[in-house]
Amino acid sequence: DISASEISTCMSNLFPGKDTVLQPCVSARIFACYSLAAEKTADSPAKARTRTRRNRSCRHVQLLLPLLNYIVQTELSSIGTYDDPKSASKTKKRVQFCSVDGSSTRPPVDSVAGSNIPLEESIRALHDAVREARGLCNPQNIKNGKEDTHDVQRQLKSLICFLQDFEKPSGTHLMEACAMSMPHYWPSQRFANVARIYRADFACILTALVEYQQIGFDGNSLILEQRLADCVGRSIRYYLRKFFNPPPLPLTTDEEVDTSVRSHIHECLVLTVADDTVRDTAAADGSVSSVFSAAVRHIYNYFGVELLSSDEISIDTQIAFCRSRASARGLGPEKSHPITLSEADEQEILSDIHDTQAFIAAARSCKFLMDLLQWPGVKEEVQRVGGWSNVEHFGGMIQEFDLKRACEDDTYFVLLKDIEILKQKVIHCWTAMEPLLAGCEVSLAELWS
């Protein structure tokens, strides 16, 4: 049997300096429980006494310990810290947020200075954990070569088997011991869900290591990567609101909004909507950050990440829109009578419409970003409130870890990894696309004439 006091002692040895005993850190307790179980299974009492407690705690997870440390840090960064950890109550609480999936990470508040720090601390911790996991999958990065590769596989298999047993009813006593070691009341059943989450990630790492591949070779992604992608997207959106949107209105008449954390760009430009009947849209509400995000998405969907990496973006100046045989036969001035369209014709026409609309959206988006980033006062105001460095750093993470697999919806933010290059590229693209835009719109209109 393993007791709560043994788990607390093992946590202190495995993760020194992290105050895991005083924090409700689920992962630290599960990993400590595994280390104790592996030690008791492998060693006789006589052999166990010949090793120091520190060495005994780390021996069975030695090669995985850096990764486990980073995983624990990701959870601690989501928990935050208690003002007085010793005063944490053992009484049952009605609501308990989960620090494992990041739902307890405090979101940034647009009107509060420094409210972005907890989210960015989580990003740093997740970045380190994902980098360690991906490094672990590369046999060339393991210190002693092939021999240590097999040892890593062995330790991963042992940990995965333990987590499988831990989740079962036979592991109830271990979950209860972990729950007893928490600083306040914690349902023991919740440890099983956490073990299942980490087991999936360790299995993904093991599969990649056995196949001598990098994580994601089979299209799967780590849950750690999914959390990182989500946090990166949320943080980038926070900075875009901070740069471009007016301060949010106070929720109450007594609430004071700290306008010092926002730029004054909203005072030097105003979004206008060409159609006065358009309401309830980001543009009509003056949400520049939302229109900025939509523009970057349209540009990414048309050009891809190659927009930044290619020296020259080739745009066919002789391109003809909506000129497939199906479009000419079924719609427009050359339409046949009666109109007969096969299913293949319909798909060809829909493809024409999609390609034409994608070109129009990308061209207009390039124009919008070009005007916005060159607008008088915009560059100075962005620099005044901190500049683009954090946004560029987070955008670079998307490419560094290929986070498209983890969160495809936010992949387009990768274009923000270098704002200056992006600005030069959209200027170049708009210059080439502007002469084609009118003809493109006419071609689309003729489909419905």
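Computed quantities for the displayed model
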{"read-out": "Listed peptides 227-233, 360-366 by packing density, highest first (mean Cβ within 10 Å)", "value": "227-233, 360-366"}
{"read-out": "With all protein chains modelled, accessible area of residue 302 [1.4 Å, Å²]", "value": "80 Å²"}
{"read-out": "Fraction of accessible area attributable to carbon and sulfur, region 152-236 (%, probe 1.4 Å)", "value": "53 percent"}
{"read-out": "Summed side-chain charge close to residue 288 - residues other than residue 288 whose Cβ falls under 14 Å, Lys, Arg +1, Asp, Glu -1", "value": "-1"}
{"read-out": "Residue-by-residue Karplus 3J(HN,Hα) for region 157-169, coefficients 6.51, -1.76, 1.60, Hz, glycine and proline x", "value": "4, 5, 5, 5, 4, 4, 5, 4, 5, 4, 6, 7, x"}
{"read-out": "Heavy-atom SASA rank of 325, 106, 134 (probe 1.4 Å, accessible area, largest first)", "value": "325, 106, 134"}
{"read-out": "Dipole of region 365-428, positive end: most advanced residue of 428, 398, 412 [Cβ charges, Cα centre]", "value": "428"}
{"read-out": "Ranked packing of 161-171, 424-434, 60-70, most packed first, by mean Cβ within 10 Å", "value": "60-70, 424-434, 161-171"}
{"read-out": "Projected-area average for region 330-441 over all orientations - Cα convex hull basis, square nanometres", "value": "10.2 nm²"}
{"read-out": "Potential extension, residue 217-residue 420 segment - 0.36 nm per residue separation minus Cα distance", "value": "69.8 nm"}
{"read-out": "Environment charge of residue 369, counting only residues whose C-beta is closer than 12 Å and scoring Lys/Arg +1, Asp/Glu -1", "value": "+4"}
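The values are calculated or read from the model by the stated rules, or taken from the named source; none is laboratory data. Computed from a predicted structure; not experimentally measured. Using ideal geometry, Cβ is built from the backbone for each residue, glycine included, and neighbour counts are taken over all protein chains shown. The accessibility values were calculated without ligands, DNA or RNA, using every heavy atom of the protein model including side chains. Shrake-Rupley method; radii C 1.70, N 1.55, O 1.52, S 1.80 Å.
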